[in-house]
Amino acid sequence: MTPETTRQALSIYDMFAESDIFMKLLILGLIFASVWSWAIIFDKSMKFKRLRERMKSFEEKFWSGGSLENLFTAFQKSQPDPLSAIFVAAMKEWKRTFSDKRRASTLNLAERAEKIMHITIDKQIEKLETKMTFLATTGSVAPLLGLFGTIWGVMDSFAAIGATQSTNIAAVAPGIAEALLTTAVGLIAAIPALIAYNKFSHDIDHMAAKMETFSDEFTAILSRQIEVQEDR
């Protein structure tokens, strides 16, 4: 066998074509996981970038000294970011209390608003964590599936060697190469997924901290407003 023939025989396509049905299904599954992981990575990267920009824009508007009523009117129908969603949820509770003609008691209004904001925070974090489980699963399981495929392929190669009673390296190499292909594909799927999972987890933690800080600051503002309303 010439060197050129050997290189052709050991091409990735040929290794895939010569593998058994189990190995083919395993490789195709890992390729699908890799493609879907990249789709999630691109989607979340763009989404998180937009959310950071919108959160920054909302904070600038909130702390600009403008009227909370005007800000509520602007964001009442649509909340494009977590901070505006938290703000609107708290303001709705505020308005439900003070719009009542009987002027319902403001007792525990700040606590109710704070609880509503924390519920909203939990819902926003749940939205941010969508599809994160798939990245985590791919990052942890794909290498193990690749290793399992390699073990399966090596066992098959040794079984073939035993059947032919040939230890010629030219006969052994293709089977071993086919076996190692699943490990390579598994790592290709797992590494980007794991890196992206860690990056997005950090981004989610950072946004969650900003939401918690905003909730605490807005609770303090509402408490001061309640005192003013009660003094009237």
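The values are calculated or read from the model by the stated rules, or taken from the named source; none is laboratory data. Everything numeric in this text was worked out from a predicted model, so none of it was measured. Reconstructed Cβ throughout: ideal geometry from the backbone, glycine too, with neighbour counts over all protein chains shown.
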Do you know which residues across segment 99-122 are modelled with pLDDT of 95 or more and among the charged types (D, E, K, R)?
-> ASP122
(1) under 20 Å from GLU178 (Cα atoms); (2) surrounded by fewer than 12 Cβ atoms within 10 Å (Cβ to Cβ); (3) not hydroxyl-bearing (Ser, Thr, Tyr): which one isn't true of VAL35, the others all being true?
-> (1)
Return yes when LYS44 is of a type in the set (D, E, K, R), under 20 Å from ILE125 (Cα atoms), buried (at least 16 other Cβ atoms within 10 Å of the Cβ) and out of contact with any Cys (no Cβ under 7 Å at 6 or more places or on another chain) and no when it is not.
-> yes
Are any residues in segment 138-147 of a type in the set (S, T, N, Q) and loosely packed, with under 15 Cβ neighbours inside 10 Å, and if so, which ones?
-> SER140
List every residue pair whose Cβ atoms lie under 9 Å apart, where the two residues are 6 or more positions apart in sequence or sit on different chains, the first residue falls within segment 130-143 and is free of Cβ contacts under 8 Å to residues at least 60 places away in the same chain, and the second residue, located anywhere, is of a type in the set (Lys, Arg).
-> THR130/LYS44
Residue by residue through segment 67-87, note down the ones that are polar (S, T, N, Q) and assigned to a loop (DSSP other than H, G, I, E, B).
-> SER67, GLN76, SER78, GLN79
Could you please let me know if PHE134 is in contact with a Phe, Trp or Tyr (Cβ under 8 Å, 6 or more places away or on another chain), in a helix (DSSP H, G or I) and modelled with pLDDT of 95 or more?
-> yes
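Which residue out of MET23, MET15 is farther than 30 Å from ASN198 by Cα, in contact with an Asp or Glu (Cβ under 9 Å, 6 or more places away or on another chain) and crowded, with 17+ Cβ neighbours inside 10 Å?
From the options MET23, MET15, the qualifying one is MET15.
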